[in-house]
Every structure is written in structure tokens, then in C-alpha cells.
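Right, one structure below, let's go through it.
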Amino acid sequence: MTTVLEYNGKVIPTDKHGYLIDFTQWNEEMAPLLAKSDNMELTEAHWEIVRFVREFYLTYNTSPAIRALTKALKTKFGEDKASSRYLFRLFPDGPAKQATKYAGLPKPARCL
Amino acid sequence: MTILHVQRTSAFDKNDFAQCIATIQSNDALVLIDDGCYNLTHSMFNTLKNQHPDIKIFHIDDHAQARAVKIENSQSQPIAMAQLVELTFEYDSTITWQ
Amino acid sequence: MRTLSVVITTPPSSYLTITAIDYITHAINAGVDVVGVFFYQDGVLNASANISIPNDEYQTHKQWQSLNQDHGIDLHVCITACEKRGLSDDLADSSSESQSNISQYFTVSGLGELVELTAKADKMVQF
Amino acid sequence: MLTSSKKIAILNASSTINEASKEALDAALIYGSYEQTTSLFFQGEGVRQLLNNQNVEIVSIKDYLKTMAALEFYDIENIYACKASLAERGLKEEFHLDNVQVLNSDDFSKALHQHQVILRF
């Protein structure tokens, strides 16, 4: 796993786990690059969650814990996409951990 | 339900005791521990007694002695730490005011 | 059997922590099953592996060690609260020789453990 | 999932400009995310956490007050404020949340007495 993110010939600072230091530096083109460092390819299904998590963070200044994420998703996308099984299938290392990373957000607190 | 109020700060120093008194109900109990023992000589202690004449009040004897706080046993019942453990289980919940 | 869990938010340098240890010890002596102690806020500082207290003062850290070693009490620290205060079990990249500066007698946990301890014990008391 | 019927109360007594108030919120969120029945109580200086028009970012504090609006996703619906604490401080009931229940001391206390576990930060 690399912890260096290069974008447009510039190095975007990341922490040792590969998360952006400054979430305001993120744009949508960086998401596939961040995913690539985990050997992940983003499908439209991934994108839905990544965008949703980013939006949640911008609104509430926190990334949603998995149960809050599923509850919030239910309102927007309905029951099918609001199960933790669905989310873990998309993000096997943990939806909270992975989706926040590709969305350019800080690493969620380890204890949450 | 009943609450055991564990008061750990002095009203001469902090505001916690005032909130404790505002929250306490007649079936609850108050235990003064640590600097909470100083409240035995605070005017708010009388306020509490007036509001809830029959409320159970305890203090940890060692903690009061350590601070040279002298109390009439009619004001508050001296207990040891072992009894605080027992009290914890006699009430439904505990609030620690610190 | 009566069960109890305890939340500690005071640092090792505070005399209030002595009272907490005294209370836990009396609970054990009374046959109460202390299912765990959870350290939060400045309470996590109790988990530092580098505490040294002059010999003629109360040995807070040694008392925690004894509660863990001699009485099998689980001591859980919130890792997020730890890391904010310079305590970590992940010091691989730092200049520190050891991987961790958290005492071996403490268990690295998260707030989820607080929820578990709340659910598991008859009573939860905060110090 | 944990099976516990205990009701949890987080009693907030710290002002906004105090890290204890953020850590109290973190604790509430975690209880909520484990689907424990959780209520928030604001008393004493704690009532300041509810006031609108605060901007803690001016003094470089992360605006965790915004996070309180997400409490509904954690099924935390009961948010109580002590009326006497507000009055004592000359504060109006103008909050950044719209579901705050302002209670007089006796009702505030009675609501608190419904909970088996009370943590105060």
C-alpha cells in the first residue's frame, strides 16, 4: 500500500494510512487513485456510497458510523442498499474505513 | 426509579452541588465523598435539608476526617467505603457529580 | 452474583483516582464481579507505561497493575482518547524504541467496549 | 447486537468551549450506534452547547456542534435542556437543534430518573 498520492504532478499530503490530511483538497478525480492504492476499482455502486459519505461529512462534520450510515442510506436509496451486508460486499475492509478514504475524508476515529 | 448521588466536589469551588440539589428527589440518597465533604459546612446543605427533610445523606468518614470536616451525625451518616459499594447496588442508578 | 463496571475519567495524578481504586478494591472484597474498568477522557493517562511516582506517594499505576494482575480486572482504554494524549500502541514509525507506550496491563479498546460494559454489568459507576 | 434494555442518559455539564463536551457527544453517538436507548441531558454550563449562532471554528475548535444534527441517524430523539440553567445564565431558548425539550427542574429530574445508567461529562 502506498501512502503517497500524486495528482496532476503534485503530491497531495496523506497520513500514514493513506487518508487525505486536508479534506478540502479532494476532488472526484482523486477517488479512483485513492481506491487504486487498495487495489480497488470504483463502480457506480461504490460511487453512490462515496458521494453519500462525503455529503454526510460536509453536513454533520463527522463520518457516519456503520449503523448511522445504513439508517441514513435507507431514506435516500431504500432498503436494498441500506444493509451492512450490502456495504461490506462493496467495501470488504469496512465501509466506514474505505468509503471515507476515497471520499477524501479523515480516517474515522479508531474507536468509533 | 431512585438515584444515588455521589458528590465529589466542593460547592465553595464548583457548581456541581447546586445541580445535584436541583436534581435530587426525596427517595434518592446523597453520598459526600472526596472534596464533596466540604459541602456539609456550606449553606446549600441546609437548603437541601429544607427541601427534602427525610432524604438519606451519607459521607465517607475517612474523607471528612482527612479534611478536618466535623459533622453532627444527625446531619449526615458516616460510612466506610465498603458501604458505598453496598449503596451502589441499593439504588437504581448513580450520578457522579464531579 | 452482583456485577459492576466502572468508568474512570480522572488522571493518575489526581487524588480522585485514589478514591476510585479504593472503591473498586472494596467492591472486589465484597464479592462483586467487576466486569471491567473503562478509561475515558483524561482517565486514559492512567494507561501510560511511563508513569513514575515518587516512592513516598501513592502508587496509582502500581495499584492498577495489581487490580489487573492479582484480581484479573480488565482495564480498557479508549484508543482515540489515548492517541490524542500521546499514548499509542502503533509507534512503529516513530523514534520510540518500543511499539507501544501503553502499559501492558491495559487493553486497547474503543468506546464500543464502554457500551459492552454498560450492557454486561448490573451497575455502572463513574469516577 | 447487544441485548440490553437499559436506558442510558448522557448528562452534559460542560460548556461548548471544553473538550469534555465533545467527548460526551462521542459517547452518546456510540451508544446510539449500538442501538442502546439513549437520551441527552443538558444542565448547568452544558446548556451552552445547544445555543445557536456559535462559531467555535473562530478559535480553531472543530465544529462538533454540527454533528448534533446527525443524532437522529443514531436514534437519539430525546434531548432535554434544563430551563433553570438557561434562565440563570440569561439565555434564550434559541437552539441549533429543533427538537430540544426544555423542562423545569422537577420534570428534568423526573426524566433523568427514568434511566438506569447516567454518565456525566
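The values are calculated or read from the model by the stated rules, or taken from the named source; none is laboratory data. Note that the coordinates shown come from a computational prediction; the quantities given were computed from them, not determined experimentally. Glycine gets a Cβ as well: all are built from the backbone with ideal geometry, and neighbour counts include every protein chain shown.
What are the pairs, 6+ residues apart or on separate chains, where a residue within segment D:22-43 that is facing chain C (nearest Cβ under 9 Å) has its Cβ under 6 Å from a residue that is part of a helix (DSSP H, G or I) and of a type in the set (Phe, Trp, Tyr)? Note: pairs meeting the criteria are D:Leu29/D:Tyr74; D:Ser33/D:Tyr74. Residues that are buried (at least 21 other Cβ atoms within 10 Å of the Cβ), within 13 Å of chain D (Cβ to nearest Cβ) and either more than 20 Å from D:Leu119 (Cβ to Cβ) or not β-branched (Val, Ile, Thr) (or both) within segment B:22-44 comprise just one, B:Asp28. Scan segment B:36-62 for residues that are within 19 Å of B:Met81 (Cβ to Cβ) and acidic (Asp, Glu) and the total you get is 2. The residue list A:Phe91, A:Phe52 contains one member that is over 28 Å from C:Glu113 (Cβ atoms) and crowded, with 19+ Cβ neighbours inside 10 Å, which is A:Phe52.
Residues of segment D:51-84 that are more than 11 Å from chain A (Cβ to nearest Cβ) and within 22 Å of D:Val117 (Cβ to Cβ): D:Glu77, D:Asn78, D:Ile79, D:Tyr80, D:Ala81, D:Cys82.
Residues that are more than 21 Å from D:Ser33 (Cβ to Cβ) and more than 13 Å from the chain's Cα centre (by Cα) within segment A:44-77 comprise just one, A:Glu44.
With respect to B:Val69, is the statement that it is within 10 Å of the chain's Cα centre (by Cα) and either under 26 Å from D:Leu119 (Cβ atoms) or among the aliphatic types (A, V, I, L, M) (or both) true? No, not satisfied.
The residues of segment A:73-93 that are modelled with pLDDT under 90 and touching a Pro at 6+ places or on another chain (Cβ under 9 Å) amount to a single one, A:Ser84. Can you confirm whether D:Ser85 is in contact with an Asp or Glu (Cβ under 9 Å, 6 or more places away or on another chain) and part of a helix (DSSP H, G or I)? Yes. Just wondering, is there one or more residues in segment C:55-74 that are touching a Gly at 6+ places or on another chain (Cβ under 6 Å) and closer than 25 Å to C:Thr3 by Cβ? Yes, there is a match, as at least one residue in segment C:55-74 is touching a Gly at 6+ places or on another chain (Cβ under 6 Å) and closer than 25 Å to C:Thr3 by Cβ. Scanning segment A:1-20 for residues that are closer than 21 Å to A:Gly94 by Cα, without any contact (Cβ under 8 Å) to a residue 60 or more places away in the chain and exposed (fewer than 13 other Cβ atoms within 10 Å of the Cβ), we see that the one that is nearest to the other protein chains (Cβ to nearest Cβ) is A:Lys16.
Contact map, segment C:97-118: residues that are within 21 Å of C:His71 (Cβ to Cβ) and within 14 Å of chain A (Cβ to nearest Cβ) paired with residues that are hydrophobic (A, V, I, L, M, F, W, C) and in a loop (DSSP other than H, G, I, E, B), Cβ distance under 8 Å, separation 6+ or inter-chain. Pairs shown: C:Ile102/C:Ala49; C:Ile102/C:Leu87; C:Ser109/A:Cys111; C:Glu116/D:Leu2.
Of the residues that sit in segment B:53-75 and are touching a strand residue (DSSP E or B) at 6+ places or on another chain (Cβ under 9 Å) and under 21 Å from B:Asn15 (Cβ atoms), which one is nearest to the other protein chains (Cβ to nearest Cβ)? Residue satisfying both the conditions and the ranking: B:His63. Here are some conditions: (1) out of contact with any Leu (no Cβ under 6 Å at 6 or more places or on another chain); (2) within 14 Å of chain C (Cβ to nearest Cβ); (3) in contact (Cβ under 8 Å) with a residue 60 or more places away in the chain; (4) part of a helix (DSSP H, G or I). B:Gln19 meets all but one. Which one does it not meet? For B:Gln19, the exception is condition (2). Of all the residues in segment C:21-63, those that are away from chain B (no Cβ under 11 Å) and either touching a Pro at 6+ places or on another chain (Cβ under 8 Å) or more than 18 Å from C:Cys78 (Cβ to Cβ) (or both) number 20.
Go through segment B:42-98 and report how many residues are over 19 Å from B:Ile21 (Cβ atoms), in a loop (DSSP other than H, G, I, E, B) and free of Cβ contacts under 8 Å to residues at least 60 places away in the same chain. Result for segment B:42-98: 7. The single condition among (1) out of contact with any His (no Cβ under 7 Å at 6 or more places or on another chain); (2) at pLDDT 95 or above that B:Ser93 does not meet is (1). Scoring D:Tyr31 on the criteria (1) assigned to a helix (DSSP H, G or I); (2) surrounded by fewer than 21 Cβ atoms within 10 Å (Cβ to Cβ); (3) not hydrophobic (A, V, I, L, M, F, W, C) leaves a single failure, condition (2).
The residue that is farthest from B:Ser93 (Cα to Cα), among those in segment D:4-21 that are outside any loop (DSSP other than H, G, I, E, B) and either polar (S, T, N, Q) or without any contact (Cβ under 8 Å) to a residue 12 or more places away in the chain (or both), is D:Glu19. Scanning segment D:53-82 for residues that are under 15 Å from D:Leu25 (Cβ atoms) and in a helix (DSSP H, G or I) returns D:Val56, D:Tyr64, D:Leu65, D:Lys66, D:Thr67, D:Met68, D:Ala69, D:Ala70, D:Leu71, D:Glu72, D:Phe73, D:Tyr74. Whenever a residue of segment C:68-79 is under 15 Å from C:Asp33 (Cβ atoms), its partners that are in a helix (DSSP H, G or I) and among the β-branched types (Val, Ile, Thr), lying with C-beta atoms within less than 8 angstrom and at least six residues away or across chains, give the pairs C:His71/C:Ile28; C:Ile73/C:Ile24; C:Ile73/C:Ile28. For segment A:48-69, filtering for residues that are more than 9 Å from every other protein chain (Cβ to nearest Cβ), in a helix (DSSP H, G or I) and in contact with a Phe, Trp or Tyr (Cβ under 9 Å, 6 or more places away or on another chain) leaves 8.
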